[in-house]
Structure formats: C-alpha cells, structure tokens
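Asker: Dropping the structure in here first, questions after.
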Amino acid sequence: MDIVIAGAHGAIARLLTPRLVADGHRVRGIIRNPDHGPDLQRDGAEAVICDLEAADGTAVGAAVAGADAIVFAAGAGPGSGAERKWTVDQGAAKKLIDAAAELGIRRYVMVSSIGADAPPPGDEVFSVYLQAKAAADADLVAAGLDHTIIRPVHLTDDNGAGTVEVGTSVERGEVSRDDVAAVIATVIGDARTHGHTFELTGGDRPIAEVPEVIGNLPRDGA
Ligand SMILES: NC(=O)c1ccc[n+]([C@@H]2O[C@H](COP(=O)([O-])OP(=O)(O)OC[C@H]3O[C@@H](n4cnc5c(N)ncnc54)[C@H](OP(=O)(O)O)[C@@H]3O)[C@@H](O)[C@H]2O)c1
C-alpha cells in the first residue's frame with residue numbers, strides 16, 4: 001500500500017514507519033519542519049512538507065494524492081494550549097478526512113485516545129483535548145470511509161512487548177508506543193478492523209490476534 005502518515009516525526013510514527021517499510025509498503029510522512037526530513041529518510045519514508053494547521057484543502061489534497069491509506073498520528077502535544085487541540089487533534093484530522101473523501105482514499109487509521117468516548121465538559125486543557133479527539137473520531141465515522149479508530153491508554157517509551165489487550169472498553173493502564181505502532185501496522189491492511197473503534201492497553205494477547213478480536217466486535221453504528 002501507499003501509506004501517508006500525518007505527524008510523521010512523532011514518537012509513534014517513527015516506530016511505525018520502519019515496520020510499514022519492512023512489510024513492503026511505500027510510506028510518505030507529513031511533517032511541518034523540513035529539518036525532520038533526513039530522519040524520515042533514514043526510517044525509509046519520503047518526507048512531505050505540510051503544516052496541517054496552515055494548509056488549505058488544496059495543499060492537504062496534494063500531500064495525500066495517490067495514497068491508499070492515511071494514518072493520523074499527529075497531535076498538538078502535551079505542552080500546547082486548548083486552541084491547538086482544536087487546530088491539530090481535530091482540525092488537522094478533519095482536513096485529512098475531507099481530503100480522503102474527496103480523493104477516494106478509503107483507508108484511514110486514527111490514533112485517538114482513551115477517554116474520547118466520553119470527554120469531560122469544560123475548558124481545562126485535557127478536557128478540551130478529549131473533546132477534540134472525540135470530535136475528530138466522530139468526523140471520521142461520519143465520513144463513511146474504511147476507518148479504524150484506536151484509543152490507547154497512557155503511552156510509554158518502553159520496548160514493545162508484542163502483546164496487548166484490546167476491546168470496546170479496557171482497564172486504564174499503560175501501553176508502549178512501540179506496541180501501538182505494531183498494532184497500527186497489523187490492522188492497516190486487515191479489513192476485519194474496518195468500521196471499528198477500540199481501546200488499547202498493555203496485556204498478554206499477541207498483536208497478530210488483534211484483527212480477529214476486533215472483527216468479532218460490533219461495528220461503529222451497528
Ligand atoms: N501521551 C499519551 O499518553 C497519549 C495517550 C493516548 C493517545 N495519545 C495520542 O497519540 C498521539 C501520538 O502520540 P506521539 O507520542 O507519537 O505524539 P508526538 O510525538 O507528540 O507526535 C505528534 C506529531 O504531530 C506533529 N504535528 C503537530 N502539529 C502539526 C502540524 N500543524 N502539522 C503537521 N504535523 C504536526 C508534531 O510535529 P512537530 O514536531 O513539528 O511539532 C509531532 O511530530 C498524540 O498526539 C495523542 O493525541 C497520547
């Protein structure tokens with residue numbers, strides 16, 4: 001597949017790209033800082049410079065044209081204020097959803113977050129973050145693409161275990177970014193996960209079993 005990753009210099013994306021390349025995919029990574037390009041090239045990806053907050057629909061379309069799939073792994077990050085939760089976590093995701101719908105890119109994998117199913121009200125930054133994640137997830141479901149929405153619990157930089165737990169609702173805990181990347185690489189080409197939203201935490205289940213487990217859950221809207 002020809003896969004575009006948004007937030008390609010982020011921690012999950014840097015772990016995901018080599019996995020996708022090893023699986024034989026072409027990977028194009030959207031970054032906003034050209035200085036990050038050489039890192040992407042070392043990972044095996046082609047860098048596409050596009051600031052997803054500033055870009056209009058034409059520029060976003062140009063960044064993803066020809067792709068078979070989009071992975072949204074961008075985020076405003078923990079140091080950002082509420083405004084950038086809306087412009088990145090929701091706004092950038094929505095621009096890519098619109099581009100995918102316009103260009104016939106059917107596959108879209110969203111890195112969402114635990115808690116996005118029931119975001120707390122109010123304007124505290126973490127609440128706004130979850131509100132923005134929930135809105136982006138709803139935008140993606142409404143678009144009618146072949147989506148998979150992954151809602152990890154607290155992320156760590158530990159080495160991947162190769163095992164996780166998934167479900168419509170999981171215990172809060174931790175999961176490594178490496179295992180999140182492995183889950184994305186496993187589900188991206190697996191149609192059993194189309195139309196599904198699931199939570200992801202550390203656990204004992206081999207990641208290869210994730211598509212079968214998810215495929216047996218009710219699809220979104222069912
Ligand atoms: N932390 C947690 O415990 C947790 C739990 C569940 C879910 N998540 C979600 O998982 C996501 C991915 O995690 P991560 O650790 O890989 O994140 P990360 O390292 O912060 O990566 C996010 C990437 O998004 C990019 N980005 C920000 N604004 C952009 C823009 N306008 N245009 C293009 N790219 C832009 C950043 O690029 P720059 O370097 O240019 O800023 C960065 O490379 C998070 O963003 C969060 O939503 C996190």
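Asker: Along the Cα-to-Cβ line of Ala59, 7 Å from the Cα, sits a label point; which residues in region 91-129 have backbone N less than 14 Å from it?
Answerer: Within reach of a label on Ala59: 92, 95-96.
Asker: At a Förster radius of 25 Å, what calculated FRET efficiency corresponds to the Cβ-Cβ distance of Val125 and Ser169, to the nearest 0.05?
Answerer: Using R0 = 25 Å, I get an efficiency of 0.50.
Asker: Let me ask something additional. Highest first, please rank the peptides 186-194, 98-106, 146-154 by the mean number of other Cβ atoms sitting within 10 Å of their residues.
Answerer: Values: 186-194: 19.1, 98-106: 16.9, 146-154: 22.0.
Sorting 186-194, 98-106, 146-154 by mean packing, highest first, produces 146-154, 186-194, 98-106.
Asker: I've got another one for you. May I ask what percent, to the nearest 5, of DSSP beta bridges between residues of the chain are antiparallel?
Answerer: 15
Asker: Assuming 0.36 nm per residue, please report the length gained on full extension of the stretch Asn216 to Ser80 beyond their Cα-Cα distance.
Answerer: Full extension of this stretch gives 45.2 nm more.
Asker: Carbon and sulfur: what percent of the chain's accessible surface (1.4 Å probe)?
Answerer: Solvent-exposed carbon and sulfur of the chain make up 49 percent of the total.
Asker: Report P(r) for region 19-133: all Cα-Cα distances, bin width 5 Å, range 0 to the bin holding the largest distance, values in whole percent.
Answerer: Whole-percent P(r) values from 0 Å outward: 2, 12, 19, 22, 19, 15, 9, 3, 0.
Asker: Once the other residues with Cβ under 15 Å from the Cβ of Asp179 are scored (Lys, Arg +1; Asp, Glu -1), what is the net sum?
Answerer: Net charge around Asp179: -3.
Asker: Report the Cα centroid-to-centroid distance between region 105-159 and region 1-33 in angstrom, as an integer.
Answerer: If we compute the Cα centre of each part, the gap is 19 Å.
Asker: Rounded to a whole number, what is D in µm²/s for region 106-222 from Stokes-Einstein with the Kirkwood radius over alpha-carbon pairs (4 °C, 1.567 mPa s)? Present the calculation step by step, with values, prior to reporting the outcome.
Answerer: Details: Rh = 14.2 Å.
Once the numbers are plugged in, D ends up at 91 µm²/s.
Asker: Would you compute, from DSSP H runs of 4+ residues alone, the mean residue ellipticity of the chain at 222 nm, taking -39500 (n - 2.57) per run and dividing by the full residue count, rounded to the nearest 500?
Answerer: Estimated from H runs of four or more residues: -10500 deg cm²/dmol.
Asker: Given contacts defined as C-alpha pairs under 8 Å and at least six residues apart, what's the relative contact order of the chain, whole-number percent? Mind dumping the intermediate values first?
Answerer: Details: 460 pairs, mean separation 38.2, N = 222.
Relative contact order, the chain: 17 percent.
Asker: Inverting the mean 1/r over all pairs of different Cα atoms, compute the Kirkwood radius of region 2-215 and quote it in Å.
Answerer: Values: mean 1/r = 0.0592 Å⁻¹.
Over region 2-215, the inverse of the mean reciprocal pair distance is 16.9 Å.
Asker: For the chain, with only Lys/Arg (+1) and Asp/Glu (-1) charged at the beta-carbon, what is the dipole magnitude about the Cα centre, in debye rounded to 20?
Answerer: Dipole size: approximately 320 debye.
Asker: Further question: Could you provide, to the nearest whole Å², the per residue accessible area of region 2-215 with probe 1.4 Å? If you can, show how the numbers build up before the last one.
Answerer: Working: 8770 Å² over 214 residues.
Solvent-accessible surface per residue comes out at 41 Å².
Asker: Considering only Gly24, Gly61, Cys50, whose Cα is most displaced toward the positive end of the charge dipole of region 14-63, charges sitting on Cβ of Lys, Arg (+1) and Asp, Glu (-1)?
Answerer: In region 14-63, that residue is Gly24.
Asker: Where is the GNM fluctuation largest for the chain (alpha-carbon springs, 10 angstrom cutoff): Gly79, Gly61, Gly122?
Answerer: It is Gly79.
Asker: Return the distance in nm (one decimal) between the two label points of a simple spin-label model at Ala191 and Ala142, each offset 7 Å from Cα along Cα→Cβ.
Answerer: The modelled label-to-label distance comes out at 2.8 nm.
Asker: Give the peptides 25-33, 113-121 in descending order of average Cβ contacts within 10 Å, highest first.
Answerer: Order by mean packing, descending: 25-33, 113-121.
The values are calculated or read from the model by the stated rules, or taken from the named source; none is laboratory data. Remember, predicted model here, so these are calculated numbers, not experimental data. FYI the Cβ positions are ideal-geometry reconstructions off the backbone, even for glycines, and counts take in every protein chain you see. With ligands, DNA and RNA removed, areas are computed over all heavy atoms of the protein, side chains included. Shrake-Rupley method; radii C 1.70, N 1.55, O 1.52, S 1.80 Å.
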